[in-house]
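Down below is the structure, laid out as structure tokens.
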Amino acid sequence: MEDVSISGTPSSSQCPQSASFSSTVTTGTSLSRSTEGSSIQEEMEKSDGGSTSQEEMEQSSTLQSLPDLENLHIDLLDEKVELLINFLLQKYQMREPVTKADMIGNVVKEYKDDFLEILRSASERMELVFGLDVKEVDPINHSYTLANKLDLTYNGMLSDQQGMPKTGLLIIILGVIFMKGNCATEEEVWKVLNMMDIYSGRKHFIFGEPRRLITSDLVMEKYLEYQQVPTSDPPRYEFLWGPRAYAEVSKMKLLEFLAKIHGTNPKSFPSQYEEALRDEEERAQARIEATAGTSAMASASSGFSHPY
């Protein structure tokens, strides 16, 4: 298990200092098992004469092996989770829905009794790593689709031949910037990414070369702004949201996502929660004005008479 701490540390950047934000992101799975088998064996080996019968030894050996069987089952389920993730990504790349029957027939197979647990684990990892939601769109036929988290129009696959979605990394960076007061230094961003085993100059099996992705590709896509910190000498750089991020990303949905991976709720971050509420109000007002404008144009058009 790996801890990712995002704290509002002061810097010499022009970024405003944010409220303290420190918590834990689980980037791995840790499953521990007790040593009940050995404890039972030790207890069973105790007898009046200090000796152990053959039957008792066989029973203790069987009980001791139970935790090993449980761990083996967990390992096999983890393999199915990884296979299901790959299968779902293929369907996402082809823009195809997927059914429960597809997943069981192609991936889960003999572990169909564990299907819901496998799907739950795969869905959680898809959300955190790739920024994708697995949604059931047809409860009768058990049909599922993969949707871009936060309704981003960027699919994260525009310049990658392998087509691995990179929206998960984008969401994390936008989250760091938001939690840092809408401006994060390059050092602060890389500190978080390093804790996720993502390093500048080191090709990542999902995200490719991350420095190019976040300082060039996502800047060109207008999701990020990457600029020099004013008056910094030697030059230092900082990240801000780009215009496309402001247009597409609901700060409340982003905060809900960040709170979820930290095992808490949005109100645990008061200043960000207040800002997210204001953002929701502004978006609602903009939708009302847009609807009113469209209605007015439609009315004017219908009332216009053409001369003959």
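The values are calculated or read from the model by the stated rules, or taken from the named source; none is laboratory data. Here the structure is a predicted model, which means the values were calculated and not measured. Quick reminder, even Gly has a Cβ in these numbers, built from the backbone with ideal geometry, and neighbours come from all protein chains shown. Side chains are part of the model used for accessible areas, which takes the heavy atoms of the whole protein and leaves out ligands, DNA and RNA. Shrake-Rupley method; radii C 1.70, N 1.55, O 1.52, S 1.80 Å.
Points to keep in mind about this one:
- Looking across region 87-100, the residues that are surrounded by 12 or more Cβ atoms within 10 Å (Cβ to Cβ) and either more than 20 Å from M164 (Cα to Cα) or modelled with pLDDT of 85 or more (or both) come down to F87, L88, L89, Q90, K91, Y92, P97, V98, T99, K100.
- Any helices (runs of 4 or more DSSP H) falling wholly within region 90-184 and containing at least 2 residues that are in contact with a helix residue (DSSP H, G or I) (Cβ under 7 Å, 6 or more places away or on another chain) and of a type in the set (A, V, I, L, M, F, W, C): 115-125, 167-179
- For first residues located in region 133-150 and farther than 26 Å from L170 by Cα, partners that are assigned to a strand (DSSP E or B) and open to solvent by less than 30 Å² (accessible area, probe 1.4 Å) and lie 6+ apart or on another chain with Cβ distances below 7 Å do not occur.
- Tally, over region 246-289, of residues that are in contact (Cβ under 8 Å) with a residue 40 or more places away in the chain and in contact with an Asp or Glu (Cβ under 9 Å, 6 or more places away or on another chain): 8
- Enumeration of residues in region 177-231 that are closer than 19 Å to P243 by Cα and among the basic types (K, R): K180, K222
- Count of region 182-211 residues, restricted to those that are in contact with a Phe, Trp or Tyr (Cβ under 7 Å, 6 or more places away or on another chain), open to solvent by 20 Å² or more (accessible area, probe 1.4 Å) and among the small types (G, A, S), is 1.
- Residues of region 224-253 that turn out to be open to solvent by less than 10 Å² (accessible area, probe 1.4 Å) and either out of contact with any helix residue (DSSP H, G or I) (no Cβ under 8 Å at 6 or more places or on another chain) or farther than 14 Å from L169 by Cβ (or both), as a count: 5
- Filtered residues of region 212-223 (kept if of a type in the set (D, E, K, R), open to solvent by 80 Å² or more (accessible area, probe 1.4 Å) and over 17 Å from A184 (Cα atoms)): R212
- Only listed residue being at pLDDT 90 or above and among the small types (G, A, S), chosen from S121, S65: S121
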